[in-house]
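The values are calculated or read from the model by the stated rules, or taken from the named source; none is laboratory data. The structure presented is a predicted model; accordingly, all values stated were derived computationally and were not measured. Counting neighbours? That spans all protein chains shown, and the Cβs are built from the backbone with ideal geometry, glycine included. The area values use the complete protein model at the heavy-atom level, side chains included, leaving out ligands, DNA and RNA. Shrake-Rupley method; radii C 1.70, N 1.55, O 1.52, S 1.80 Å.
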Amino acid sequence: TGGGSSSTSKFKGIAARGLVSSSQPMFGGIIISGNEDKKIAFMGKGQSMGVSPYAADPILEIWSTSGKLSENDNWGTITDAVSSNLSTVSSDISVPASTAEAGMVMTLSPGSYSFVLKSKSGTLSGAMIEAYEVDSSASRFKGIAARGLVSSSQPMFGGIIITGSEDKKIAFMGKGESM
């Protein structure tokens with residue numbers, strides 16, 4: 001929205017809400033542009049959304065073009081060397097209410113990354129996938145996307161956060177066949 005673009009305004013994060021199960025995941029993606037690494041907080045929420053039915057135990061995976069980088073089932077427990085606990089993020093980012101929800105913080109090089117959110121349950125339930133910039137490096141989100149199951153009675157919801165005091169020009173697209 002708005003008419004101008006400014007270096008003082010930037011993307012802070014993306015969120016998308018839809019239905020997930022063990023066999024029907026939701027997908028998201030980010031592009032990091034620039035020359036510096038960027039610290040990103042990823043979250044997979046169920047109970048924290050405040051709507052029912054929700055995915056009680058979501059699983060979050062982070063992928064690069066070279067393969068899976070990390071997987072998390074319970075955000076309070078980190079089991080790999082490339083990610084860290086969400087307790088390291090600032091208070092302006094709302095971590096999941098339940099430790100059974102997924103989340104992690106990762107420092108990523110400029111490039112394209114995908115995230116996959118699924119549930120341990122075979123039943124379709126509501127879930128939300130989120131990604132937030134955590135640091136102030138010169139690198140930034142250049143593109144963000146989310147993909148999931150939709151129908152006339154089950155929409156997918158998305159949202160972005162822009163920080164700063166000036167307008168930011170944004171393009172929104174809803175795609176089907178062109179995916």
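Around the amide H of GLY158, modelled in the peptide plane, lie the amide H atoms of ARG17, all under 5 Å away and 5 or more residues distant in sequence or on another chain.
Surface exposure of the chain, expressed per residue as accessible area with a 1.4 Å probe, stands at 51 Å². For the range 39-154, the carbon plus sulfur part of the accessible surface works out to 49%, probe radius 1.4 Å. Taking 0.36 nm per residue of separation and subtracting the current Cα-Cα distance, fully stretching the chain between SER87 and ASN35 would add 16.1 nm. Model label points for SER152 and SER94, set 7 angstrom from Cα along the Cα-to-Cβ axis, are 3.2 nm apart.
The Kirkwood radius of the range 78-132, taken over pairs of alpha-carbon atoms, gives through the Stokes-Einstein law at 20 °C and 1.002 mPa s a diffusion coefficient of 161 µm² s⁻¹.
For the chain, modelled as a GNM whose springs connect Cα atoms under 10 angstrom apart, the maximal fluctuation among LEU149, LEU60, LEU117 occurs at LEU149. Once backbone amide H atoms are built at 1.01 Å from N, ASP167 has GLY4 as its partners under 5 Å, excluding neighbours fewer than 5 places away on the same chain. Sorting the segments 105-112, 127-134, 68-75 by their mean number of nearby beta carbons within 10 angstrom, highest to lowest, gives 127-134, 68-75, 105-112.
Three principal axis extents of the chain based on alpha-carbon atoms, in descending order, are 44, 41, 32 Å.
The amide H of LEU149, built 1.01 Å from its N in the peptide plane, has LEU19 as neighbours under 5 Å, considering only residues 5 or more places off or on other chains. When only the Cβ of Lys, Arg, Asp and Glu is charged (+1, +1, -1, -1), the dipole of the chain relative to its Cα centre reaches about 400 debye. Annotation for the range 89-179: trypsin sites (Lys or Arg not before Pro) lying in DSSP loop with at most 12 further Cβ atoms inside 10 Å of their Cβ are LYS169, LYS175. Between the range 147-163 and the range 18-92, the C-alpha centres lie 17 angstrom from each other. The relative contact order of the chain comes to 44 percent, based on Cα pairs under 8 Å that sit 6 or more residues apart.
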